[in-house]
Amino acid sequence: MSGNLMDTVLQMVNTDAEPEDYKGEDGLLYCGKCHKPKEAYFPQGKALFGRDRHPSECDCRRAEREKREKKDADEKHNAEVERLKREGFSNPAMRNWTFENDNGKCTQIEKAHSYVELWEQMKAENHGLVLWGNVGSGKSYFTGCIANALMEREIPVCITNFATILDNLFYGAENRNEYIVRLCSYPLLILDDFGMERGTEYGLEQVYNVIDSRYISKKPLIATTNLTPEQLKNPEDVPHARIYGRLLEMCVPVRFTGGDFRKVAAQQKMKRLKELMEGGESQ
Ligand SMILES: [Zn+2]
């Protein structure tokens, strides 16, 4: 056996003693801190390289190892979540659209909580949602909360919109089919601002292609839209009818009736500005 290998083996069968350690009545080395053995005899009086014992973890050593393993696992988890967020969000601001940051004004947020809690079932039974309602009622925030929460559980989510998808299909470096296959590979796909896409027959064909591929993949889709279910059911022409028809087959409508957050924020800002400009008493 080579010297190096022998050293390695001896490291495995020898136990380093700390100054406070002591020899117990059974002849084994005991930890001076937790008073648990740091060694154990080989079973049935067997020996290895002339040694009758091998190292064993005392409570302190085990705690140290577990702490180290947890740190490694946490680091690995954080790196994976970071990767998913970098890849899954087309708009980095969405990273902050979380349940923790919710201002409590989004009336439907309980449904987002349920969707995350029941995710395995949502996935298995392929339940999609189409969130509809006025601008600024918190639909996109709702989807951001779901995406962040699932990514924290290491579940890949892609949150994008058709403007970005069409841009990638027409000008992206990736092969079109591969790109669509990739979009369909995400356990959850979220399309923001659905129905805003105006366009050429060719563009609408691509939109249908993506929606239909997702439909075939049997994986859930969540879309947000400013269109009403009536508008989705009565589209202006055949290309839109095909797209909306598929969407409604995959997604259950959820109505958002909340106030316009953006308008409220703008009004508050305006009020504050007025106060400042009028000066003195209202400050
Ligand atoms: Zn110990």
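Any read-out appearing in this document is the output of simple, stated calculations on the displayed coordinates, not a laboratory observation. Everything quoted here is computed from the prediction, not taken from an experiment. Positions of Cβ are generated from backbone atoms using ideal geometry, with glycine treated the same way; all protein chains shown enter the neighbour counts.
In the stretch 51-95, what residues are surrounded by fewer than 14 Cβ atoms within 10 Å (Cβ to Cβ), over 19 Å from LYS139 (Cβ atoms) and hydrophobic (A, V, I, L, M, F, W, C)? Listed by number, the residues that qualify are ALA63, ALA73, ALA79.
The rows are residues; the columns are (1) of a type in the set (Asp, Glu); (2) without any contact (Cβ under 8 Å) to a residue 24 or more places away in the chain.
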residue	(1), (2)
GLY136	no, no
CYS145	no, no
ASN161	no, no
ALA173	no, yes
TYR186	no, no
GLY199	no, no
ASP212	yes, no
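Scanning the stretch 145-181 for residues that are surrounded by fewer than 13 Cβ atoms within 10 Å (Cβ to Cβ) and in contact with a Lys or Arg (Cβ under 8 Å, 6 or more places away or on another chain) yields one hit, GLU174. Residues that are surrounded by fewer than 18 Cβ atoms within 10 Å (Cβ to Cβ) and in contact (Cβ under 8 Å) with a residue 60 or more places away in the chain within the stretch 228-255 comprise THR228, PRO229, LEU248, VAL252, PRO253, ARG255, listed in sequence order. Please verify whether THR98 is of a type in the set (Ser, Thr, Tyr), surrounded by fewer than 20 Cβ atoms within 10 Å (Cβ to Cβ), under 14 Å from the mean Cα position of the chain (by Cα) and over 25 Å from GLY245 (Cα atoms), treating the condition exactly as stated. Yes; evaluated as a whole, the condition is true for this residue. Counting only helices (runs of 4 or more DSSP H) that sit completely within the stretch 1-118, those holding 1 or more residues that are within 16 Å of the ligand (Cβ to nearest atom) correspond to 59-88. Criterion applied to GLU125, GLU110, GLU154 was being of a type outside the set (Val, Ile, Thr) and under 22 Å from LEU248 (Cβ atoms), and the one residue passing it is GLU125.
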